[in-house]
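Notes for the one structure printed next.
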Amino acid sequence: MDREAVRNNLNTVRKLLPEGVTLVAVSKFHAEEDILCAAEAGQTDFGESYVQELVRKHDVIGDRVRWHFIGHLQRNKVKYIVPFVHMIQSLDSVRLAETINCEAGKCGRKVECLLEVHVAAEQTKSGFLPEELEEEVGKGTFSRFGNIVVRGVMGMATNTDDMNAVRRDFARIRDIKTSLEKYFGPQFDIISMGMSDDYPAAIEEGSSMVRVGSRIFGPRPVRE
Ligand SMILES: *Cc1c(COP(=O)(O)O)cnc(C)c1O
């Protein structure tokens, strides 16, 4: 995409964000130049879904921006991103948490993570089931991991045009976050929900972090 378009899109999205809502620009499948262009326009947080792609982009761009990992993360790839990643938003199993904790320890870091919760109708989406998450958190599972800072929850709504259903999913994610607050400290303050097609609704339902890709960088080449 040309630089002007990225800048304009970014400003359009920003205008709709209330204060206190963080914009993560989802740059997966988009070129390093697009990321740099957005960064020059003041964008600080970027989201990537694939480890290899993130590592390649980090090699080029480095720590000038904050990298959020938002895709399904395989345990054997954790070591490649833990040295530099700002936040892993897709923590979706206790075993993955164990691996992140261990790798973070090796590089002397504390890694911020969000608990990914599955509320959408699609079976294919990942994340903890709400009951399962409440049970693990209640047992103190995550307080065992001294190198992980659990900052909140991340979730996706069902892929549907029915905005009432989408809103119900967002409200559910928000309620799950609220019910987990008592187990964590004040740093448990993030609700990451809302993408290009639904972020205004997500904000109305309490989102504090939106992950917007195509609305900023244009359509992705199909590879998903
Ligand atoms: C790709 C992706 C997004 C951004 O999607 P857009 O519809 O392009 O805004 C947000 N969150 C996750 C988890 C994604 O994989």
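Overview of values
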read-out: Positive dipole terminus of the chain, leading residue within Thr158, Ser90, Val13 (C-beta point charges); value: Ser90
read-out: Portion, in percent, of the accessible area of the chain that falls on carbon or sulfur, probe 1.4 Å; value: 48 percent
read-out: Computed FRET value (nearest 0.05) for Met1 with His72, which takes r as the C-beta separation and R₀ as 25 Å; value: 0.45
read-out: Added length on full extension, which subtracts the Cα-Cα distance from 0.36 nm per residue, Arg109 to Thr22; value: 29.0 nm
read-out: Contour minus Cα-Cα distance for Ile61 and Thr158 (0.36 nm per residue); value: 31.6 nm
read-out: Residue-wise HN-Hα coupling along the stretch 189-197, computed from phi with Karplus coefficients 6.51, -1.76, 1.60 (Hz; x: Gly, Pro); value: 10, 10, 10, 8, 7, x, 10, 3, 7
read-out: Surface per residue (accessible, 1.4 Å probe) for the chain, Å²; value: 48 Å²
read-out: Zone residues, the stretch 109-124, relative to Ser214, backbone N less than 20 Å from point 7 Å out along Cα-to-Cβ; value: 120-124
read-out: Descending semi-axes in whole angstrom, ellipsoid equivalent of the chain, from the Cα gyration tensor; value: 26, 22, 15
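The values are calculated or read from the model by the stated rules, or taken from the named source; none is laboratory data. Since the model is a prediction, treat every value here as computed from it, not as a measurement. All Cβ positions, even for glycine, are placed from backbone atoms using ideal geometry, and neighbour counts span all protein chains on display. Surface areas here come from the heavy atoms of the whole protein model, side chains and all, with no ligands, DNA or RNA. Shrake-Rupley method; radii C 1.70, N 1.55, O 1.52, S 1.80 Å.
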